[in-house]
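Peer 1: First, the structure itself, so that you have it in front of you.
The values are calculated or read from the model by the stated rules, or taken from the named source; none is laboratory data. The structure displayed is predicted, hence computed values, not measured ones. Positions of Cβ are backbone-derived with ideal geometry, glycine not excepted, and every protein chain shown enters the neighbour counts. Side chains are part of the model used for accessible areas, which takes the heavy atoms of the whole protein and leaves out ligands, DNA and RNA. Shrake-Rupley method; radii C 1.70, N 1.55, O 1.52, S 1.80 Å.
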Amino acid sequence: MMLGGRNGGLESLPKELLHEILSKLDVMSLCSASPVSRTLRSSVTHALSTISTLDLSEFSPDVQILSQILNDNIVLKCLTLDCWLLCDVSITIFSRQHLVELVLLRCTLFSSRIFTAIGENCPNLRQLTMEMACDFDHELPHSIGKQIMEMLKGCMYLEHLSLNFKEHILSPVIFNSLDLTHIQNLKVLQLNPASEQQITSLMQSKRMYTNTGSFPAKVCNQVSVKTMYLNLQSLSLVLNRITDKLIISITKNLPHLIELYLEDRPDLEPLMDQDLTNHGLLLLCSLEYLTRLSLTRSKQYYPATFKWVNDMGIFFLAETFRGLQSVKMAGFSRVTDAGYSSILQSCSGLQKFEIINPVHLSDLTFHNVVGAASSLIEVRIACCDIITDDTVGKLSTCRNLEVLDLWGCKSIGSYGLGSIANLEKLTKLNLCWTAITNSDLSFIGNANAPISSLCLRACKRVSDEGIASLLRGKGTISKTLLSLDLGFIEGLSDRAIFTIVEFCREITDLCVRCCFSITDASIEGLGRMEGFEGKRSPLRRLDVYRCRRLSHYSLKMLRRPYFPGLRWIGIGQTGLSLAKGEDGLSEISGDRPWLHICSDGCEMGCNDGWQFPHQL
């Protein structure tokens with residue numbers, strides 16, 4: 001019986017049954033099924049029109065595909081959209097009155113019209129997230145700022161606002177005229193980038209309403225004598241610098257903060273009166289409801305540190321915030337084991353502990369970790385050469401630990417890996433830039449931890465044999481692994497890829513960038529692996545950037561029916577991205593609109609630099 005035939009097949013099925021079947025499919029499967037027949041097209045249109053929550057962040061739709069998905073939907077409430085290929089023409093397609101949650105990711109082609117359009121078309125929004133990397137056609141900064149304000153005036157019921165301008169020449173001044181006093185119920189605010197002066201001015205611009213007649217017409221029934229900041233519970237900022245003055249402004253105006261995430265990127269060494277000091281940390285202690293705190297200093301523009309903060313300031317924090325559940329610190333060059341351990345000892349309910357680039361953190365910090373062992377779920381210690389296997393052994397007593405990140409801790413060895421194997425709830429493990437060996441990986445390969453994400457990037461002593469030890473062991477990792485990063489491992493060849501194809505039945509993300517021995521045979525094996533020994537999860541994202549032995553021959557593997565589930569592939573500086581193959585890539589992109597082919601060297605998913613401080 002022919003699928004879609006006139007005398008049988010789909011036409012003979014009850015519409016209710018067909019609708020029920022299609023309701024189980026994801027959006028991409030629905031759109032792929034639509035061209036099969038008129039019956040399916042009609043049923044797919046019906047199925048798409050009944051979706052109230054839609055996440056289109058896995059691929060980059062163009063205007064035509066977006067219109068097909070959203071055209072007849074009048075019940076959509078929550079929309080997440082990758083806007084990489086979208087321009088102003090698409091704005092009227094997705095900006096709708098009934099939306100309450102709108103997340104626009106990787107916006108690159110919009111003009112500033114996007115802001116006013118959202119304000120006009122989406123008055124009921126409760127959550128708005130925008131990642132902007134647009135040129136705005138040389139529009140003036142103050143003009144863009146005014147249009148942002150028009151958007152916010154139209155979205156006066158916002159509870160969550162996130163504005164992220166990525167590396168934009170206008171971005172430092174876009175927020176100069178920002179005024180949020182009319183948004184009475186704002187609970188979460190995220191801005192990137194902003195200056196210390198902008199945020200201080202923003203805090204000081206609050207308006208005190210002494211009677212209901214002072215309120216805008218739409219909120220005239222609000223309680224009198226109320227500031228717009230009273231309800232703010234979470235603040236996330238990326239700034240030029242964190243200072244005591246900024247802390248004073250935050251603590252004075254945001255007494256009910258529960259979460260505070262601050263990252264700065266100074267371009268020179270701050271002076272004491274223009275920096276964070278122990279006094280600033282002492283002032284933070286007035287935020288009595290605070291449970292999550294992140295204070296980080298990036299070295300993106302200058303290798304500065306918080307040199308005016310020492311153990312005494314950390315003691316203030318640890319003693320005052322005994323209810324902290326999450327702590328992240330980066331760039332504290334004068335804090336020692338005493339300061340770090342005071343957090344672990346005082347905060348009995350601590351779940352997340354993250355320290356980046358610590359100069360004086362050693363095994364002594366975790367010498368008596370028993371007090372925090374039962375509550376810790378996530379531990380990240382990045383770029384700490386002093387940490388040894390002894391610390392990993394102590395952390396193995398944290399039986400609820402789910403995430404362990406030891407990025408750049410080069411003194412971790414066999415004993416440490418053996419201890420990690422005892423963590424029965426571990427789902428994410430990062431051993432990037434450590435000195436582990438092939439034999440060390442056998443400990444993980446024989447463990448029963450449900451590890452779904454593993455990073456072995458730049459582990460120079462690992463080779464094909466180590467991958468075999470990892471995946472051929474008696475443990476569960478070959479059954480649970482979803483994401484594997486093997487980038488920058490020179491000893492890796494096609495043999496390791498063949499092992500992955502044979503044993504990793506659930507893997508969806510694979511990175512082998514800068515593995516110079518990978519050849520076309522690996523791409524062919526990965527492209528065919530869904531049909532290898534029965535059904536398995538399809539590969540979603542593949543990074544082969546600078547795998548220089550890959551040739552244009554591998555282009556054929558990017559065509560149907562190979563890699564049926566692939567949504568992103570990084571091919572920069574390989575034979576696949578050479579001018580000779582440009583026509584082939586264009587043809588593939590046209591035939592597979594769900595697939596994003598990146599030739600720029602981006603990390604997996606082209607998400608580099610979009611994250612806010614607490615997401616790093």
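Peer 1: Is it the case that R541 is over 21 Å from E58 (Cβ atoms), touching a Phe, Trp or Tyr at 6+ places or on another chain (Cβ under 7 Å), basic (K, R) and open to solvent by 60 Å² or more (accessible area, probe 1.4 Å)?
Peer 2: Taking the combined requirement at face value, the residue does not satisfy it.
Peer 1: In segment 40-48, is there at least one residue being surrounded by fewer than 16 Cβ atoms within 10 Å (Cβ to Cβ), in a loop (DSSP other than H, G, I, E, B) and touching a residue at least 24 places away in the same chain (Cβ under 8 Å)?
Peer 2: Checked against the condition, which is being surrounded by fewer than 16 Cβ atoms within 10 Å (Cβ to Cβ), in a loop (DSSP other than H, G, I, E, B) and touching a residue at least 24 places away in the same chain (Cβ under 8 Å), segment 40-48 yields no hits at all.
Peer 1: On the given criteria, is R207 open to solvent by 10 Å² or more (accessible area, probe 1.4 Å) and modelled with pLDDT of 90 or more?
Peer 2: Details: open to solvent by 10 Å² or more (accessible area, probe 1.4 Å): yes; modelled with pLDDT of 90 or more: no.
Spelling it out, it is not the case that R207 is open to solvent by 10 Å² or more (accessible area, probe 1.4 Å) and modelled with pLDDT of 90 or more.
Peer 1: Follow-up. Name the residue that is most open to solvent (accessible area, probe 1.4 Å), counting only residues in segment 312-357 that are within 27 Å of the chain's Cα centre (by Cα) and charged (D, E, K, R).
Peer 2: So the residue we want is K352.
Peer 1: Here are some residues: Y302, Y340, Y289. Which one is over 17 Å from T243 (Cα atoms) and part of a loop (DSSP other than H, G, I, E, B)? Full working, then the answer.
Peer 2: On the way: Y302 fails: over 17 Å from T243 (Cα atoms); Y340 fails: part of a loop (DSSP other than H, G, I, E, B).
Of Y302, Y340, Y289, the one residue that is over 17 Å from T243 (Cα atoms) and part of a loop (DSSP other than H, G, I, E, B) is Y289.
Peer 1: Among the residues of segment 251-264, which ones are touching a strand residue (DSSP E or B) at 6+ places or on another chain (Cβ under 7 Å) and modelled with pLDDT under 95? Spell out the reasoning first.
Peer 2: Of the residues in segment 251-264, the ones touching a strand residue (DSSP E or B) at 6+ places or on another chain (Cβ under 7 Å) are 254, 257-264.
If the condition is that a residue be touching a strand residue (DSSP E or B) at 6+ places or on another chain (Cβ under 7 Å) and modelled with pLDDT under 95, then L254 is the only one that fits.
Peer 1: Same structure, new question: Please go through segment 363-396 and pick out each residue that is more than 29 Å from the chain's Cα centre (by Cα) and small (G, A, S).
Peer 2: Those that are more than 29 Å from the chain's Cα centre (by Cα) and small (G, A, S): G371, G393.
Peer 1: What number goes with the only condition from (1) open to solvent by 10 Å² or more (accessible area, probe 1.4 Å); (2) at pLDDT 95 or above; (3) under 28 Å from the mean Cα position of the chain (by Cα) that W308 does not pass?
Peer 2: (3)
Peer 1: (1) of a type in the set (S, T, N, Q); (2) touching a residue at least 60 places away in the same chain (Cβ under 8 Å); (3) open to solvent by 20 Å² or more (accessible area, probe 1.4 Å): which one isn't true of T296, the others all being true?
Peer 2: Only one criterion is unmet by T296, namely (3).
Peer 1: Can you spot a residue in segment 434-451 that is under 21 Å from R549 (Cβ atoms) and acidic (D, E)?
Peer 2: no
Peer 1: Looking only at residues that are among the polar types (S, T, N, Q) and under 25 Å from the mean Cα position of the chain (by Cα) in segment 36-53, which one is farthest from N607 (Cα to Cα)?
Peer 2: First pass over segment 36-53, keeping only residues among the polar types (S, T, N, Q): 37, 39, 42-43, 45, 49-50, 52-53.
Then keep just the ones that are under 25 Å from the mean Cα position of the chain (by Cα); that gives 52-53.
Details: S52: 26, T53: 22 Å.
The residue in question is S52.
Peer 1: Further question: Could you please give the count of residues in segment 96-109 that are over 22 Å from the mean Cα position of the chain (by Cα), modelled with pLDDT under 95 and open to solvent by less than 10 Å² (accessible area, probe 1.4 Å)?
Peer 2: 0
Peer 1: Which numbered condition trips up L262, out of (1) surrounded by fewer than 20 Cβ atoms within 10 Å (Cβ to Cβ); (2) of a type outside the set (S, T, N, Q); (3) out of contact with any helix residue (DSSP H, G or I) (no Cβ under 6 Å at 6 or more places or on another chain)?
Peer 2: (1)
Peer 1: Only one of (1) part of a loop (DSSP other than H, G, I, E, B); (2) in contact with a strand residue (DSSP E or B) (Cβ under 8 Å, 6 or more places away or on another chain); (3) at pLDDT 95 or above fails for L510. Which number is that?
Peer 2: (1)
Peer 1: Next question. From T80, T39, T50, which residue is among the hydroxyl-bearing types (S, T, Y), modelled with pLDDT under 90 and under 27 Å from R540 (Cβ atoms)?
Peer 2: Selected residue: T50, the only one of T80, T39, T50 that is among the hydroxyl-bearing types (S, T, Y), modelled with pLDDT under 90 and under 27 Å from R540 (Cβ atoms).
Peer 1: For segment 424-445, which positions are in a loop (DSSP other than H, G, I, E, B), buried (at least 21 other Cβ atoms within 10 Å of the Cβ), among the hydrophobic types (A, V, I, L, M, F, W, C) and over 25 Å from the mean Cα position of the chain (by Cα)?
Peer 2: I436 - this is the single residue of segment 424-445 that is in a loop (DSSP other than H, G, I, E, B), buried (at least 21 other Cβ atoms within 10 Å of the Cβ), among the hydrophobic types (A, V, I, L, M, F, W, C) and over 25 Å from the mean Cα position of the chain (by Cα).
Peer 1: Right, another one. Taking segment 534-580, which residues are touching a strand residue (DSSP E or B) at 6+ places or on another chain (Cβ under 9 Å), farther than 23 Å from S483 by Cα and in contact (Cβ under 8 Å) with a residue 24 or more places away in the chain?
Peer 2: Listed by number, the residues that qualify are R549, L576.
Peer 1: Taking into account only those residues within segment 54-77 that are under 23 Å from the mean Cα position of the chain (by Cα) and touching a residue at least 40 places away in the same chain (Cβ under 8 Å), which is surrounded by the fewest Cβ atoms within 10 Å (Cβ to Cβ)?
Peer 2: The residue in question is D62.
Peer 1: Of the residues in segment 13-39, how many are free of Cβ contacts under 8 Å to residues at least 24 places away in the same chain, part of a loop (DSSP other than H, G, I, E, B) and either surrounded by 13 or more Cβ atoms within 10 Å (Cβ to Cβ) or touching an Asp or Glu at 6+ places or on another chain (Cβ under 7 Å) (or both)?
Peer 2: 2
Peer 1: Name the single residue that is least open to solvent (accessible area, probe 1.4 Å) among those in segment 234-257 being free of Cβ contacts under 8 Å to residues at least 40 places away in the same chain, assigned to a helix (DSSP H, G or I) and under 17 Å from R292 (Cα atoms).
Peer 2: Just the residues of segment 234-257 that are free of Cβ contacts under 8 Å to residues at least 40 places away in the same chain, to begin with: 244, 247-248, 251, 255-257.
When the remaining residues are screened for being assigned to a helix (DSSP H, G or I), the result is 244, 247-248, 251.
When the remaining residues are screened for being under 17 Å from R292 (Cα atoms), the result is 247, 251.
Working: I247: 1, T251: 24 Å².
Filtering segment 234-257 for residues that are free of Cβ contacts under 8 Å to residues at least 40 places away in the same chain, assigned to a helix (DSSP H, G or I) and under 17 Å from R292 (Cα atoms), the one least open to solvent (accessible area, probe 1.4 Å) comes out as I247.
Peer 1: Another one. Could you list, in sequence order, all residues of segment 467-496 that are in contact with a helix residue (DSSP H, G or I) (Cβ under 7 Å, 6 or more places away or on another chain), within 21 Å of S554 (Cβ to Cβ), of a type outside the set (K, R) and surrounded by fewer than 21 Cβ atoms within 10 Å (Cβ to Cβ)?
Peer 2: Passing the criteria: S493, D494.
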